[in-house]
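Notes follow once the structure below has been shown.
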Amino acid sequence: MKRLVFFLLLAATLLAGTHAQTKGPTVDKILFNAKSQEDIGLMDVAGGKSDIWNYATSGGVYKRLPETVKSKLDTYSVSGASFLGLYLNPYPDKAPYLSDATTDASGKVHFNPLAIRKIRHALNWLVDRQKIVDEILSGAGLPMFTPVVPGLPNSSRFDLVAAKLGMTAPGNEARALADIEAAMREASALPELRGRLTKASPWWSLDGAPVTVRFVMRADDPSVRLPLGRYVADQIEKTGIKVERIEVDRVKAHALYAETDPRANQWNIYTEGLGSNQTNAYWETVLSQMYAPWASVMPGGNNRDFWNYENPELDRLTSAAVNGQFKDEAEYWSEVQAAASLGMRESVRILLAAKTSYLAAATERFDRKMAYGLADGIDKWSMYTADVKAETSGADSGKKVLRMTGFSARGALFMSAWDPVGPDGFGDTYSGAIIKQLSDLELEPNPATGIPMPVRATWSAIKSSGEALAVPM
């Protein structure tokens with residue numbers, strides 16, 4: 001096994017911060033390293049080579065560990081640390097749903113069935129979320145419909161939105177197949193497609209070539225995202241639409257779905273794995289990131305040289321919530337629920353399942369359990385409260401040194417720049433796991449309730465006004 005290992009030494013003085021802080025973290029140093037195999041990382045913790053496994057490991061991997069290993073682990077299990085979804089390329093998002101031969105990577109015109117909103121939305125019924133949980137996640141997970149994981153604060157408000165849309169965990173394959181067939185026949189009647197878009201059992205074709213979607217699947221996640229992609233691909237092919245299965249590692253996948261112009265048609269679907277950064281009680285920022293074009297995490301990424309997915313109503317609803325443009329709590333919840341409903345109906349991003357994830361600490365190395373988040377599990381609060389036993393020898397004798405191991409898929413380790421100033425710094429899981437230990441925000445969500453609490457700032461006598469306020473520069 002090839003190891004991708006890196007070490008960084010974090011001194012507690014870096015965390016001392018401003019004069020407002022009176023007590024620093026429990027530990028004196030943190031040593032980071034990474035392993036490219038999850039079971040090896042967990043066994044390192046059980047074997048005393050590391051103190052914490054700081055990666056949301058799926059139930060299938062964790063349950064396969066020998067009992068002799070699990071008995072030495074203090075396990076932190078959460079259902080909100082990571083979740084699965086489908087990320088779709090809807091270009092051109094309007095009839096007649098054809099690419100431009102001058103911008104298509106193939107130099108030919110292609111028909112994109114996922115440009116039809118009815119077909120994207122029908123995928124919610126074509127997939128069986130309960131099957132994904134039971135068979136791919138080995139029962140360690142929860143069916144998921146919105147960006148808010150079931151069981152987290154205020155998640156019931158969003159579960160209600162999904163219920164009103166008729167979404168259920170098993171889905172409804174017959175309904176989905178009928179809806180997709182009707183949408184394709186409706187498209188085939190368009191003047192630009194009449195006589196060109198046809199079906200000769202079992203495949204739909206355009207100008208005699210099978211209608212095909214390019215499905216990017218994460219081959220370096222063989223226990224979860226690869227079987228997920230293959231299952232969804234099989235379901236899509238039941239509709240008469242062929243699937244080109246592109247099984248690549250995360251670096252090559254990222255180069256396709258995030259770095260190419262959507263109109264180049266180099267990808268149509270991606271098996272997305274998402275992580276929760278913290279426990280929230282209010283979800284406007286998450287909804288913006290998952291659904292709204294203004295937040296730059298939708299197809300095109302607001303790159304001026306690319307085609308970009310647009311939805312002014314989603315932008316309006318989410319930006320108003322993020323910027324506090326609502327008169328009271330009732331209006332806030334009305335707006336964010338409306339945004340969730342519209343995002344699910346647009347189905348550019350489809351959420352499928354929350355993984356019950358397992359993070360772990362070495363039982364013998366700690367005097368007490370750490371604080372941890374309901375959504376993200378072991379987090380920065382864990383590092384602050386990790387009461388690890390002091391070193392008994394060596395240069396660090398008498399100091400509390402915490403050894404933390406993370407996971408890195410094979411390939412390049414960091415995906416974004418180590419940049420505290422520019423907009424593209426600390427955007428990946430690996431650099432984020434480090435920078436969080438070195439920084440505090442003015443306020444952060446409480447790890448148990450998700451309600452914002454003061455960290456580097458305090459407030460009192462808050463007043464709201466519809467008038468513009470001067471902000472010091």
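The values are calculated or read from the model by the stated rules, or taken from the named source; none is laboratory data. Please read all numbers here as calculations on a predicted model, not as lab measurements. When we count neighbours, we look across all protein chains shown, and the Cβ atoms used for this are built from the backbone with ideal geometry, even at glycine.
Against the test of being surrounded by fewer than 22 Cβ atoms within 10 Å (Cβ to Cβ), free of Cβ contacts under 8 Å to residues at least 40 places away in the same chain and hydrophobic (A, V, I, L, M, F, W, C), the options Ala169, Ala178 yield a single qualifying residue, Ala178. Looking across segment 177-225 at every residue that is basic (Lys, Arg) and in contact with a Lys or Arg (Cβ under 7 Å, 6 or more places away or on another chain), the one that is nearest to Asn124 (Cα to Cα) is identified as Arg225. When the residues of segment 362-379 are filtered to those that are small (Gly, Ala, Ser) and surrounded by fewer than 23 Cβ atoms within 10 Å (Cβ to Cβ), the one that is nearest to Ser58 (Cα to Cα) is Ala362. For segment 43-58, state whether one or more residues are surrounded by fewer than 18 Cβ atoms within 10 Å (Cβ to Cβ) and not in a loop (DSSP other than H, G, I, E, B). Looking for residues that are surrounded by fewer than 18 Cβ atoms within 10 Å (Cβ to Cβ) and not in a loop (DSSP other than H, G, I, E, B), one finds none in segment 43-58, hence no. Consider segment 414-452. How many of its residues are part of a helix (DSSP H, G or I) and either among the basic types (Lys, Arg) or at pLDDT 70 or above (or both)? Result for segment 414-452: 9. Quick check: is even one residue across segment 82-100 without any contact (Cβ under 8 Å) to a residue 24 or more places away in the chain, part of a loop (DSSP other than H, G, I, E, B) and assigned by TED's automatic domain parsing to the domain that holds Met383? So far as segment 82-100 goes, no, none of its residues is without any contact (Cβ under 8 Å) to a residue 24 or more places away in the chain, part of a loop (DSSP other than H, G, I, E, B) and assigned by TED's automatic domain parsing to the domain that holds Met383. Taking every residue in segment 206-219 that is in contact (Cβ under 8 Å) with a residue 24 or more places away in the chain and pairing it with any residue that is of a type in the set (Phe, Trp, Tyr) and surrounded by fewer than 19 Cβ atoms within 10 Å (Cβ to Cβ), at least 6 positions away or on another chain, the pairs with Cβ-Cβ distances below 8 Å are Pro210/Trp203; Val211/Trp203.
Assess whether Glu331 counts as being of a type in the set (D, E, K, R) and surrounded by fewer than 19 Cβ atoms within 10 Å (Cβ to Cβ). Judged against the criteria, Glu331 is a match.
Taking Ala281, is it under 27 Å from Gly377 (Cα atoms), at pLDDT below 95, in the same structural domain as Asp128 (by TED's automatic domain parsing) and of a type outside the set (Ser, Thr, Tyr)? It is true that Ala281 is under 27 Å from Gly377 (Cα atoms), at pLDDT below 95, in the same structural domain as Asp128 (by TED's automatic domain parsing) and of a type outside the set (Ser, Thr, Tyr).
For segment 224-266, filtered to residues that are assigned to a helix (DSSP H, G or I) and among the acidic types (Asp, Glu), the residue that is surrounded by the most Cβ atoms within 10 Å (Cβ to Cβ) is Glu237. You will find that of Leu374, Leu351, the residue that is under 30 Å from Ser138 (Cα atoms), assigned by TED's automatic domain parsing to the domain that holds Ser431 and under 23 Å from the mean Cα position of the chain (by Cα) is Leu374 and no other. Of the helices (runs of 4 or more DSSP H) lying entirely inside segment 274-353, those containing at least 3 residues that are acidic (Asp, Glu) span 329-346.
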